[in-house]
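**Student:** Below are the structure tokens for one structure; questions will follow.
Every read-out reported here was derived from the displayed coordinates using simple, explicitly stated rules and does not represent laboratory data. Quantities reported herein were computed from a predicted structural model and do not represent experimental measurements. Methodologically, a virtual Cβ is constructed for each residue, glycine included, from the backbone with ideal geometry; neighbour enumeration extends over all protein chains shown.
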Amino acid sequence: MIEGHGDDLYRYSNIKMNFSSNIYNGTDLSALETYLGTRLGSMCSYPEPSAASLEQLIAQDCGISPDEVLVTSGAVDAIYLIAQTYRNEGTCHVMQPTFREYEDACRVFDYQESKDGALCWLCNPNNPTGDVMAVEDVLVLADRHSLLIVDQSYEDYTMAPLMQPADVVGRDDIILLHSMTKRYAVPGLRLGYVTASAAVIQRLREQYRPWAINALSLEAGKWLVQRGETAIPDLTSYLAETQRLRAMLNGIEGIEAQETQTNFFLCTIRQATAAELKEYLAHEHGILIRDASNFTGLTPHHFRIATQSPAENDALVAAIAQLTVNS
């Protein structure tokens, strides 16, 4: 799905507040920018074909072996790589509603959807709902399928317990996906990685395209992992602000903001469609939200919000309230 993702700022010229992207936007990246300025010479040579030096650092950080890590060009790259590698399995099941790329990757490689499919795709924490499946329930799900792919791209955006890389490297039926894009708030660098058993990683490497990670992204990834800081300095306060925002939105007649265990959540609006609300907020208030109607299983009235600063959150609530009063 090339079109239809959130964070489509390129479509608008006046956006001042962006609730469309789930990625935390309060991170100070100036130190990374300064560091990359000293590494521009790396553009003049080919990077490592397999990002082995970054895999070594990630493995050390996770307490696993480097042959149990595969760095990819963002989590989406990993999704398509997995679908390609296991295409002979033939059937898959996607836990809906969720990120569309699992469904699209399976379609590209001719899988047939089946509730008992060989491959099962789970987003946990789930985009767009913000739900988190308990670890014990994830293990039950794994027992029902030949291979369970658990996308934990938002693992740094929740306090809920999740599976750890060390939990899966001893078995060949679970793959974990991780997003450095989300962890460090660097979506433009396109960095992600897979953790799984050495046998699974080796199978993925056989389909891996060489030089998938460009030189500057590789330098940035190594710097970020060694520094050891994630994007969100105070997750507890950030999630508390999420609940404050939900409560305010639920106080508006005709708006329902669903429960969440992350920084983002689904809402519905009765008085208009999500597309109409999005255009109103963008053009009248310079506010961007995510029209969630293109998620499988959702309706034209679903939209997604990601928590911003308290002042921005207050502005969003006031703008939506103004629309509902005038409807």
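**Student:** Note down the nm distance, to one decimal, between modelled labels 7 Å out along Cα→Cβ at residue 39 and at residue 198.
**Tutor:** Calculated label separation equals 2.8 nm.
**Student:** Please list 3J(HN,Hα) in residue order for region 10-24, calculated via the Karplus relation 6.51 cos²θ - 1.76 cosθ + 1.60 where θ = phi - 60°; whole Hz, with x for glycine and proline.
**Tutor:** Each residue of region 10-24 in turn: 4, 7, 10, 10, 10, 6, 10, 9, 10, 9, 7, 8, 6, 6, 4 Hz.
**Student:** To continue, here is another question. Express in nm, to one decimal, how much length is gained between residue 46 and residue 284 on full extension, taking 0.36 nm for each residue of separation and deducting their alpha carbon distance.
**Tutor:** 81.0 nm
**Student:** Related question: On a C-alpha basis, how far is the centre of region 55-90 from the centre of region 226-252 in Å? Whole number, if you could?
**Tutor:** Spelled out, the Cα-based centre of one part sits 29 Å from the other.
**Student:** A further question on this structure: If you average over every viewing direction, what projected area does the convex hull of the Cα atoms of region 87-182 give, in nm²?
**Tutor:** Average of the hull's projected areas for region 87-182 equals 6.1 nm².
**Student:** I would also like to ask the following. Looking at the chain only, what percent of DSSP beta bridges run antiparallel? Nearest 5 please.
**Tutor:** Close to 55 percent.
**Student:** Over region 36-135, consider all pairs of different Cα atoms and compute the Kirkwood hydrodynamic radius from their mean reciprocal separation; express it in Å, one decimal.
**Tutor:** By the Kirkwood definition, the hydrodynamic radius is 16.0 Å.
**Student:** If you take the beta carbon distance between residue 139 and residue 13 as r and set R0 to 41 Å, what does 1/(1 + (r/R0)^6) give as a FRET efficiency, to the nearest 0.05?
**Tutor:** For R0 = 41 Å, the calculated efficiency reads 0.25.
**Student:** Hey, fewest Cβ within 10 Å first, where do 276, 136, 101 land in order?
**Tutor:** 136, 276, 101
**Student:** While we're on this one: Calculated from DSSP H runs of 4 or more alone, at -39500 (n - 2.57) each and per residue, what is the 222 nm mean residue ellipticity of the chain, nearest 500?
**Tutor:** -11500 deg cm²/dmol
**Student:** Out of residues 5 or more away from residue 71 or on other chains, whose amide H comes under 5 Å of its own, with H placed 1.01 Å from N in the peptide plane?
**Tutor:** 194
**Student:** A further question follows. Which of 139, 298 has the fewest other C-beta atoms within 10 Å, and how do the rest follow up to the most?
**Tutor:** Neighbour counts put them in this order, fewest first: 139, 298.
**Student:** With the alpha-carbon atoms as the only input, what is the per residue convex hull volume for region 47-227 in Å³?
**Tutor:** 106 Å³
**Student:** Could I ask something else about it? Ranked highest first by average number of other Cβ atoms within 10 Å, how do 302-308, 125-131, 280-286 line up?
**Tutor:** With the highest mean Cβ count within 10 Å placed first, the list reads 302-308, 125-131, 280-286.
**Student:** Here's something else I'd like to know. Among 80, 157, 184, which one shows the biggest mean-square fluctuation in a GNM of the chain, springs joining Cα atoms closer than 10 Å?
**Tutor:** Evaluated over the chain, the most mobile residue of the options is 80.
**Student:** Compute the distance from the alpha-carbon center of region 272-327 to that of region 141-210, in whole Å.
**Tutor:** Rounded to whole Å, the Cα centres lie 32 Å apart.
**Student:** Follow-up. One quarter of the convex hull surface, Cα atoms only: what value does that give for region 273-327 in nm²?
**Tutor:** 3.8 nm²
**Student:** For residue 167 and residue 89, calculate 0.36 nm times their separation in residues minus their Cα-Cα distance, and state this gained length in nm to one decimal.
**Tutor:** Length gained between residue 167 and residue 89: 25.7 nm.
**Student:** Check the chain and count each lysine pair with an alpha-carbon distance under 28 angstrom, considering only pairs eight or more places apart or from different chains.
**Tutor:** Here the count comes out as 4.
**Student:** Placing one identical point scatterer on every Cα of the chain and ignoring solvent, what is log10 I(q)/I(0) from the Debye formula at q = 0.07 Å⁻¹?
**Tutor:** Relative scattering, expressed as log10 I(q)/I(0), comes to -0.29.
**Student:** What residue among 245, 32, 277 has the largest mean-square fluctuation in a Gaussian network model of the chain, using Cα springs under 10 Å?
**Tutor:** 32
**Student:** Among 55, 229, 68, which one shows the highest mean-square fluctuation when the chain is modelled as a Gaussian network with alpha-carbon springs under 10 Å?
**Tutor:** 229
**Student:** I need the semi-axes of the equivalent ellipsoid of region 149-270: take the C-alpha gyration tensor, multiply each eigenvalue by 5, square-root it, list largest first in whole angstrom.
**Tutor:** Ellipsoid half-lengths, sorted descending, are 33, 18, 14 Å.
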